[in-house]
Structures are given as C-alpha cells and as structure tokens.
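**Q** One structure follows; several queries about it will come next.
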Amino acid sequence: MKLKQGFDIKLVGKASESIAKNVEAPKRYALKPEDFLGMNRPKSVVKVGAKVKAGDPILIDGKQEEIKYTSPVSGEIVEIQRGERRKLLAIVVEADSTIEYKEFPVKPVDQVSVEDAKATMLESGVWPLLIRRPYAIVADPSDQPRAIFVSSFDSHPLAPNNDFTLQGQEAYIQAGVDVLKKFAPKVYVGLNGATPSKLFDNVVGVEKNKFNGPHPAGNVGVQIHHTSPIANANDVVWTISPQGLVQIGKLFKEGKYDAKQVIAVAGPKVDTPEYVETYVGASVDTIVASKIKGDNVRVVSGNVLTGTAISKDGFLGFYSNMVTALEEGKKSRFFLTDGWLAPITSRLSFHKAFGLLGSTSKEYALDTNTNGQDRPFAVTGAFEKVVPMDIYPMYLLKSILAYDYENMEALGIYEVAEEDLALCEFIDVSKHDIQKIVRQGLDTMRLD
C-alpha cells in the first residue's frame with residue numbers, strides 16, 4: 001500500500017550496523033510506572049535490600065494485580081524512588097555480574113492451552129508488551145481481541161533496523177506468533193514495501209501487508225487503519241513490537257524472561273553512532289560517558305518525536321528501542337542573521353516558509369529549539385498532509401480540548417495514539433503539545 005501523507009525528518013547521526021565494544025555494561029536498571037499507560041495504582045511488591053531474579057515481580061497495578069511487572073535483571077533492589085505525595089516513580093535494581101533467571105514452564109507451543117499461556121505471560125512480565133487499541137494502554141487480560149497487529153519496521157527518525165537488532169531470532173518470532181494466535185484469530189504483520197524483511201520472510205500463520213511511504217508508515221496505528229480499522233470503543237485489537245515477539249518466544253521455548261535487547265545510540269550529539277547491547281530499563285550513564293559528547297545535550301529515551309527526555313544517569317523506558325542525543329536549543333536566533341527573515345537554505349522547514357528553503361532530502365543536525373512560543377491554533381491545513389489516515393486531525397484535537405465526546409468519537413479518537421499525530425506536533429506553527437492533547441482525549445473517553 002502506497003501512503004502519500006507523512007514526512008521523513010532526516011537527522012545526522014544514524015547508527016552504523018555494528019555493536020559498540022567500548023560501552024561498559026550499566027550496573028543499575030529500573031521499572032518506571034509512568035511507562036505503562038493505563039496503570040492506575042502502581043505498588044511496589046519489594047523492599048530495598050531484597051534479592052530478585054530476572055522475571056521476579058517487583059511492581060503491580062493495584063487495580064489489575066494479576067499483571068506482574070518483573071525485574072529485567074537479577075540483583076538487589078537498591079532504591080525505590082518516590083515523588084510528591086509518595087508517588088511511585090521507579091524501582092531500581094543493581095544487577096549481578098551474571099544474570100540469574102526465574103524458571104517458567106517449557107512445553108511445545110502447540111501443547112500450551114490459552115489459559116496456561118495467559119497465566120505464564122502474566123506471571124513472567126511479558127504481558128505489558130501487549131498494547132490495547134483503542135486507548136493505547138497495556139492490554140486487559142479479560143479482553144478478547146479480534147486481531148493482533150505487528151509492525152515489522154520503525155519509520156521514526158534514526159530508528160533502529162530490526163533486521164539487524166533481531167538477527168538470528170526468527171525462531172523466537174515464530175514461537176511468539178504461535179502463542180499470540182491462541183488469543184486472537186488473526187495476526188497481521190506490516191512490512192516495509194521498500195525493503196524486504198529477513199525477519200518475517202519465513203514466518204507463517206500471519207497475514208502480511210506491505211506499506212510504502214514516509215513516516216508514519218511504520219506506525220502500527222496507521223497500518224491498522226489501512227488493514228482492518230477500529231470501528232468503535234468495543235472493537236478491541238492488540239499490538240506488539242517485533243522485540244516483544246522475541247521475548248514471548250524465548251519465554252515459551254527456554255522458560256525465562258530475557259529482557260536483553262540491542263538498542264541504537266544515535267543523534268547529532270553522539271560520537272560514533274552505533275548499537276549497544278543491554279537490558280530493558282538500563283541506566284544510560286555508561287552510554288553517555290562513552291558515546292555522547294558535550295554538555296549542552298538533551299538525552300532522549302526513544303526517538304525525537306515520541307521519546308522522553310531523561311537525565312544523563314536516567315533510565316531507558318520499558319518500550320524504548322534507542323537513545324537519541326541532540327543539542328539543547330537554548331540559544332535565541334536573531335531575526336535577520338539566523339531567524340525567519342534571513343534567506344536560510346540550511347534549515348529544515350516542512351512548510352517551506354519564506355527563507356527556509358532547505359532540502360528535505362539532506363540530513364540535519366536539529367536541536368530542541370521550538371522557534372516560537374505557544375499561540376492559538378492556526379488553521380493551516382498542514383496536519384492532514386502528515387497523517388495518512390482518513391481523519392481530520394485539527395477538528396479532532398479541538399473536540400478533545402472542548403471535551404466534546406460525540407465529536408471525538410465521530411472524528412476517530414479510537415483509531416489514534418500519541419505517536420500517530422506526533423508529526424503534527426513537529427510541524428505545528430502554534431507550538432502545541434499535541435501528543436499530550438491526544439492522551440487527554442484517550443483518557444477522557446476511557447475513564448468517563
């Protein structure tokens with residue numbers, strides 16, 4: 001399927017396909033409740049000083065206690081971070097030099113019942129890898145999804161190449177697919193029409209669809225919309241990443257929760273961008289020390305569109321597959337020499353504003369400067385040019401701000417997640433936090 005709407009933000013600093021040898025393994029790892037959308041009452045089930053194995057529960061949701069959020073590594077609980085009103089922020093584990101794993105049942109997948117599969121996934125910590133649509137929250141174990149969707153490629157700026165990060169994991173991907181088919185009658189896989197996927201070439205039991213076009217062609221929400229769109233609030237589907245399939249496959253083939261992953265370390269402020277082998281929730285302190293140059297740097301867990309800014313000793317998000325580093329845009333631009341009146345050809349502009357005639361095919365070392373402050377919504381008609389879905393983004397956003405439930409539903413709130421409208425935020429001349437607005441709308445419809 002050819003998608004015309006969208007926009008590729010081309011940044012300098014794409015990771016070369018090699019594993020870094022000079023990065024020391026982090027000593028600390030963390031689970032952060034804020035990563036798990038839909039979690040209502042996070043509760044720690046361990047105390048400081050407790051010893052845990054990889055796969056031991058350390059966090060639960062007080063309203064869905066059957067879902068266990070487990071340690072990605074073995075070691076000692078060294079810190080339980082809390083914020084205002086004792087809000088739980090993170091549970092930190094100091095890792096052992098050799099990872100020990102909690103053991104789970106191993107049985108041929110075709111001999112595993114759906115009840116046993118669900119129980120093992122809930123207990124081991126892989127269940128939160130399943131995301132429910134509508135609402136883009138951790139899947140409810142009581143749901144009966146009509147389908148499960150996987151996007152085999154990531155089209156975000158500087159995103160890692162799954163064929164490289166997951167090479168040799170095809171057997172686990174197939175096992176993951178076989179497990180998930182017990183929960184839903186169909187599994188859809190979205191393929192990059194421009195680049196064949198070695199990972200999914202020989203995967204059976206799925207329906208494969210090809211997507212060509214600029215970002216967000218790799219977003220699973222866009223692929224759902226063009227394959228089998230969500231009709232209403234009760235039309236439940238699940239999504240999962242290729243990395244998630246691997247973790248589920250390993251769980252059932254080897255009887256352990258293996259949170260090891262290969263992430264990209266990329267961006268304009270990275271010295272020698274490449275890949276790093278680590279575990280979910282890793283501290284980025286050793287990555288920053290060896291890979292990221294300069295002081296005026298923003299470190300992002302994830303990509304530049306949907307990622308979260310973290311400190312230089314902060315922790316990777318549960319769903320993050322990369323670390324991005326770019327310059328903090330603290331400097332102001334004088335309007336004649338480097339501002340909107342200057343005839344600049346070296347700055348990127350989606351709108352092709354006067355003087356901003358930089359090529360959209362070259363790579364840019366963008367910073368975090370928003371080039372302006374918040375202002376009322378300006379109706380430009382641009383949002384529709386970067387959202388390859390049959391919705392009207394501007395009207396949807398306005399209905400969210402107005403708490404207009406009927407129009408939110410009519411305009412497609414059930415089909416979107418924050419990432420699907422992230423490009424709108426990038427090109428928005430009004431500088432609104434559009435992803436925050438989308439989350440507000442999803443939570444409004446889910447909770448009211």
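The values are calculated or read from the model by the stated rules, or taken from the named source; none is laboratory data. Keep in mind the model is a prediction, meaning the values are calculated, not measured. Here Cβ is always computed from backbone atoms with ideal geometry, including for glycine, and neighbour counts include all displayed protein chains. For the accessible areas, the whole protein counts, side chains as well, though only heavy atoms, and no ligand, DNA or RNA atoms are used. Shrake-Rupley method; radii C 1.70, N 1.55, O 1.52, S 1.80 Å.
**Q** Hey, could you check region 160-219 for residues that are of a type in the set (D, E, K, R), part of a loop (DSSP other than H, G, I, E, B) and within 26 Å of Tyr257 (Cβ to Cβ) and say which is least open to solvent (accessible area, probe 1.4 Å)? Steps first, answer last, please.
**A** Within region 160-219, the first condition is being of a type in the set (D, E, K, R), and the residues that meet it are 163, 170, 178, 181-182, 186, 198, 201, 207-208, 210.
Narrowing further to those that are part of a loop (DSSP other than H, G, I, E, B): 181-182, 186, 198, 201.
Next cut, within 26 Å of Tyr257 (Cβ to Cβ) only: 181-182, 198.
Working: Lys181: 85, Lys182: 61, Lys198: 148 Å².
The residue in question is Lys182.
**Q** Identify, by number, the condition in (1) within 27 Å of Ala325 (Cα to Cα); (2) modelled with pLDDT of 95 or more that Tyr405 doesn't meet.
**A** Only one criterion is unmet by Tyr405, namely (1).
**Q** Just to be sure I understand, how many residues within region 250-290 are surrounded by 19 or more Cβ atoms within 10 Å (Cβ to Cβ) and without any contact (Cβ under 8 Å) to a residue 60 or more places away in the chain?
**A** Looking only at that region, the number is 1.
**Q** Name the one entry in Asp295, Asp235 that is at pLDDT below 95 and part of a loop (DSSP other than H, G, I, E, B). Outline the logic, then answer.
**A** Numbers: Asp235 fails: at pLDDT below 95.
After applying the criteria, what remains is Asp295.
**Q** Still on this structure, I have one more. For region 3-26, does any single residue satisfy the condition of being out of contact with any Phe, Trp or Tyr (no Cβ under 7 Å at 6 or more places or on another chain), surrounded by fewer than 19 Cβ atoms within 10 Å (Cβ to Cβ) and assigned to a strand (DSSP E or B)?
**A** Scanning region 3-26, I find no residue that is out of contact with any Phe, Trp or Tyr (no Cβ under 7 Å at 6 or more places or on another chain), surrounded by fewer than 19 Cβ atoms within 10 Å (Cβ to Cβ) and assigned to a strand (DSSP E or B), so the answer is no.
**Q** For region 87-98, give me each residue that is touching a residue at least 60 places away in the same chain (Cβ under 8 Å) and crowded, with 18+ Cβ neighbours inside 10 Å. Explain how you work it out, then say what you get.
**A** If we filter region 87-98 for residues that are touching a residue at least 60 places away in the same chain (Cβ under 8 Å), which is where we start, we get 90-95.
Ala90, Ile91, Val92, Val93, Ala95 - these are the residues of region 87-98 that are touching a residue at least 60 places away in the same chain (Cβ under 8 Å) and crowded, with 18+ Cβ neighbours inside 10 Å.
For every residue, the table says whether it meets (1) touching a Pro at 6+ places or on another chain (Cβ under 7 Å); (2) at positive phi; (3) at pLDDT 95 or above.
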residue: Lys14; (1), (2), (3): yes, no, yes
residue: Lys27; (1), (2), (3): no, no, yes
residue: Gly38; (1), (2), (3): no, yes, no
residue: Lys47; (1), (2), (3): no, no, yes
residue: Gly75; (1), (2), (3): no, yes, yes
residue: Leu88; (1), (2), (3): yes, no, yes
residue: Ile91; (1), (2), (3): no, no, yes
residue: Ile99; (1), (2), (3): no, no, yes
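**Q** I need the full set of residues from region 251-272 which are assigned to a helix (DSSP H, G or I) and of a type in the set (A, V, I, L, M), in order please. Spell out the reasoning first.
**A** Restricting attention to region 251-272, the residues satisfying the condition of being assigned to a helix (DSSP H, G or I) are 251-254.
Correct list: Leu251 only.
**Q** Report, by residue number, each residue of region 291-307 that is open to solvent by less than 20 Å² (accessible area, probe 1.4 Å) and not hydrophobic (A, V, I, L, M, F, W, C).
**A** Within region 291-307, Lys291, Ser301, Gly302, Asn303 qualify.
**Q** Can Leu122 be described as modelled with pLDDT of 95 or more and within 29 Å of Lys182 (Cβ to Cβ)? Outline the logic, then answer.
**A** Working: modelled with pLDDT of 95 or more: yes; within 29 Å of Lys182 (Cβ to Cβ): yes.
Here the answer is yes, as Leu122 does meet what is asked.
**Q** May I pose another question? Could you go through region 137-152 and let me know if any residue there is free of Cβ contacts under 8 Å to residues at least 40 places away in the same chain, closer than 30 Å to Thr324 by Cβ and under 21 Å from the mean Cα position of the chain (by Cα). First the steps, then the outcome.
**A** At the first step, the residues of region 137-152 found to be free of Cβ contacts under 8 Å to residues at least 40 places away in the same chain are 142.
Filter once more, so that each one left must be closer than 30 Å to Thr324 by Cβ: none.
Among the residues of region 137-152, not one is free of Cβ contacts under 8 Å to residues at least 40 places away in the same chain, closer than 30 Å to Thr324 by Cβ and under 21 Å from the mean Cα position of the chain (by Cα), which makes the answer no.
**Q** Where residues in region 273-292 are assigned to a loop (DSSP other than H, G, I, E, B) and touching an Asp or Glu at 6+ places or on another chain (Cβ under 9 Å), which of them is farthest from Ile9 (Cα to Cα)?
**A** Going residue by residue through region 273-292, those that are assigned to a loop (DSSP other than H, G, I, E, B) are 273, 280-281, 284.
Right, trim to touching an Asp or Glu at 6+ places or on another chain (Cβ under 9 Å) and you get 281, 284.
Values: Gly281: 27, Val284: 25 Å.
Result: Gly281.
**Q** Can you find even one residue in region 53-60 that is open to solvent by 50 Å² or more (accessible area, probe 1.4 Å), in contact with a Lys or Arg (Cβ under 8 Å, 6 or more places away or on another chain) and not β-branched (Val, Ile, Thr)? Reasoning before the result, please.
**A** First, the residues of region 53-60 that are open to solvent by 50 Å² or more (accessible area, probe 1.4 Å): 53.
Still in the running and in contact with a Lys or Arg (Cβ under 8 Å, 6 or more places away or on another chain): 53.
Still in the running and not β-branched (Val, Ile, Thr): 53.
Looking for residues that are open to solvent by 50 Å² or more (accessible area, probe 1.4 Å), in contact with a Lys or Arg (Cβ under 8 Å, 6 or more places away or on another chain) and not β-branched (Val, Ile, Thr), one finds at least one in region 53-60, hence yes.
**Q** Do any strands (runs of 3 or more DSSP E) entirely within region 28-101 hold 1 or more residues that are touching a Phe, Trp or Tyr at 6+ places or on another chain (Cβ under 9 Å), charged (D, E, K, R) and under 20 Å from Leu130 (Cβ atoms), and if so, which? Before the answer, list the steps.
**A** Details: elements: 28-31, 42-44, 57-61, 64-70, 75-82, 88-95.
In region 28-101, 57-61, 64-70 are the strands (runs of 3 or more DSSP E) which contain 1 or more residues that are touching a Phe, Trp or Tyr at 6+ places or on another chain (Cβ under 9 Å), charged (D, E, K, R) and under 20 Å from Leu130 (Cβ atoms).
**Q** Would you pick out the residues in region 385-441 that are in a helix (DSSP H, G or I), under 19 Å from Ala231 (Cβ atoms) and aromatic (Phe, Trp, Tyr)?
**A** Once the filter is applied, which keeps residues that are in a helix (DSSP H, G or I), under 19 Å from Ala231 (Cβ atoms) and aromatic (Phe, Trp, Tyr), region 385-441 yields Tyr405, Tyr414.
**Q** Right, next: If Ile230 passes every condition in (1) open to solvent by 20 Å² or more (accessible area, probe 1.4 Å); (2) under 22 Å from Ala410 (Cβ atoms); (3) assigned to a loop (DSSP other than H, G, I, E, B) but one, which one does it miss?
**A** Of (1) open to solvent by 20 Å² or more (accessible area, probe 1.4 Å); (2) under 22 Å from Ala410 (Cβ atoms); (3) assigned to a loop (DSSP other than H, G, I, E, B), only one is false for Ile230: (1).
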